[in-house]
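The values are calculated or read from the model by the stated rules, or taken from the named source; none is laboratory data. Quick caveat: nothing in here was measured; it's all calculated off a predicted structure. When we count neighbours, we look across all protein chains shown, and the Cβ atoms used for this are built from the backbone with ideal geometry, even at glycine. For accessibility, only protein heavy atoms count, side chains too; no ligands or nucleic acids. Shrake-Rupley method; radii C 1.70, N 1.55, O 1.52, S 1.80 Å.
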Amino acid sequence: MLPYGYIFKFGNEKLFDPNGKIEEPLSDLDIINHNTKVAIMEIESALQTGKATFYITYKINENGLKSYSVGTWDGTYNWPAVTKTSWHNFAGRDGRRDCWFKIKDQLWHGVNIGDNDIVHAKRIKSRR
C-alpha cells in the first residue's frame, strides 16, 4: 500500500488510490487502517506547516439548525466550527463559507467556496 493518499471503495470490488485502481484484494479493516494513518499524517503535517486541506460537514439538530464541523476526509478527526457565509464573485450569493475552529488549542480559519466540502485552512494567531 502507498504511504499517502486515501483509498476509496466503490462497491465490492473497485478500489482506488491516488495512482488509480488497486488490483490487490484489501479487506475493509485494511482500508480503514490505511485511511486512519493518512488522517494522522495530515494532522501532523497541518500542525507543523500551519496549512491544510480539510472537509466541512454539518448535522441538523432537532430544532432544524445546522451545526458545522471541519475534519479529515474519512471523519477520523472532526472539530466543531463556527461559520459565516458571504457573497463570492464566482460562486455567487452565499457561495463563500468562512469557518473558524480549534485544533489542540490552536485557532484555525478555513474557507470553502462553491458547491463542495473542501476547506483550505490556515492557523491564525489568537486575538486575546
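Take LEU15: with every protein chain present and a 1.4 Å probe, its accessible area is about 10 Å². The apolar share of the surface of the chain, taken as the fraction of accessible area on carbon and sulfur atoms (1.4 Å probe, ligands and nucleic acids excluded), comes to 52 percent. Net length available on complete extension from LYS14 to VAL82 is 20.8 nm, with 0.36 nm assigned per residue and the Cα-Cα distance removed.
Expressed in nm to one decimal, what extension gain is obtained for the pair LYS21 and ASP105 from 0.36 nm per residue of sequence separation less their Cα-Cα distance?
Length gained between LYS21 and ASP105: 26.4 nm.
Rounded to the nearest 500, the 222 nm mean residue ellipticity of the chain from helices alone is -6000 deg cm²/dmol, with -39,500 (n - 2.57) taken per DSSP H run of at least 4 residues. Under a model in which nothing but the beta-carbon of Lys, Arg (+1) and Asp, Glu (-1) is charged, the chain shows a dipole of about 1000 debye around its Cα centre. Take the chain with all the other protein chains still there, run a 1.4 Å probe, and you get 71 Å² of accessible area per residue.
Segment THR49..ILE118, full-extension length gain: 23.0 nm, with 0.36 nm per residue of separation and the alpha-carbon distance subtracted.
Each residue of the range 107-116 was assigned a 3J(HN,Hα) from its phi angle through the Karplus curve 6.51 cos²θ - 1.76 cosθ + 1.60 (θ = phi - 60°); the sequence is 7, 10, 10, x, 10, 10, 10, x, 8, 7 Hz, with glycine and proline shown as x.
Take each of the peptides 20-26, 41-47, 95-101, 58-64, average the number of other beta-carbon atoms within 10 Å over its residues, and list them starting from the highest. Before the final figure, lay out the partial values.
On the way: 20-26: 9.9, 41-47: 15.3, 95-101: 19.0, 58-64: 8.0.
Highest-to-lowest ranking by the protection proxy: 95-101, 41-47, 20-26, 58-64.
The C-alpha atoms of the chain occupy a region whose extents along the principal axes are 49, 33, 31 Å, arranged from largest to smallest.
Candidate cross-link partners of LYS9 among the lysines, defined by an alpha-carbon separation under 19 Å and a same-chain spacing of 8 or more, comprise LYS21, LYS37.
The residues neighbouring LYS37, those whose beta-carbon lies less than 12 Å from its own, together hold a net charge of -4 under the Lys/Arg +1, Asp/Glu -1 convention. Within the straight-line cut-off of under 19 Å between alpha carbons, the lysines reachable from LYS102 are LYS51, LYS59, LYS66, LYS84, LYS122, LYS125, sequence neighbours fewer than 8 places apart in one chain being disregarded.
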